[in-house]
Amino acid sequence: VPASKGSLQNIGSLPKMTTTSIDFLKELDPDQLAAVTAPVDDPVLVLAGAGSGKTRVLVSRIAYLIQELKYIPSSIIATTFTKAAAEEIRQRVAVLVGPQASAIQASTIHALCLKLIRTYGSEGASVLENGEQKRMLKIAVSDALDYFRLPKPLQFGWKYWASWAEWV
């Protein structure tokens, strides 16, 4: 949320930016620059191969939102698939915008969803351990087969059912 559009929630306690210039934009190719500076009301989809600069675009976009568009860092959420990638994003943003990068929510998509469920969902929400996941899946599949009146061993053939039962 830009500071002009949202509440100035605790912005006074955030450290000042160490950099005010946006020199990092000069290092981007034209396609990357277009993604970084795209209007905030439009969705941006970056499809690119490994090593092509997707993380650089994401990090530059975050820095651009903070430095140029004056977004409050705590209003920015960056999601990835791994904890290592989330930490790398935090570190790279810190290089560009300084200590206020610590206010950005960078996490895995799974951690973000769990946080949202625990914050806004039911009180007893939790993540199931591997064994419990398998037990619940076995019950769900068994119930579904019963509901549709499908014989369990014949559903996919004996061989498939036996291997599935071993897995579960």
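The values are calculated or read from the model by the stated rules, or taken from the named source; none is laboratory data. A quick note: this is a predicted structure, and the numbers were derived from the prediction, not measured. Here the Cβ is made from the backbone with ideal geometry for all residues, glycine too, and neighbour counts use every protein chain on show. Calculation scope for accessible area: heavy atoms of the full protein, side chains included, ligands and nucleic acids excluded. Shrake-Rupley method; radii C 1.70, N 1.55, O 1.52, S 1.80 Å.
Could you say whether any residue in the stretch 106-114 is part of a helix (DSSP H, G or I) and open to solvent by 80 Å² or more (accessible area, probe 1.4 Å)? Yes, because at least one residue in the stretch 106-114 is part of a helix (DSSP H, G or I) and open to solvent by 80 Å² or more (accessible area, probe 1.4 Å). Working carefully through the options A125, A101, A162, find the one that is at pLDDT 85 or above and of a type in the set (G, A, S). The match here is A101.
Return yes when A78 is in contact with a strand residue (DSSP E or B) (Cβ under 6 Å, 6 or more places away or on another chain) and at pLDDT 85 or above and no when it is not. Spelling it out, A78 is indeed in contact with a strand residue (DSSP E or B) (Cβ under 6 Å, 6 or more places away or on another chain) and at pLDDT 85 or above.
Taking each residue of the stretch 120-144 that is in a loop (DSSP other than H, G, I, E, B) and looking for partners that are charged (D, E, K, R) and open to solvent by 70 Å² or more (accessible area, probe 1.4 Å) with beta-carbon atoms closer than 7 Å, six or more apart or interchain, yields A125/R118. Scanning the stretch 72-109 for residues that are among the β-branched types (V, I, T) and touching a residue at least 60 places away in the same chain (Cβ under 8 Å) gives I72, V97. Being at pLDDT below 90 and surrounded by fewer than 18 Cβ atoms within 10 Å (Cβ to Cβ) is not true of A94.
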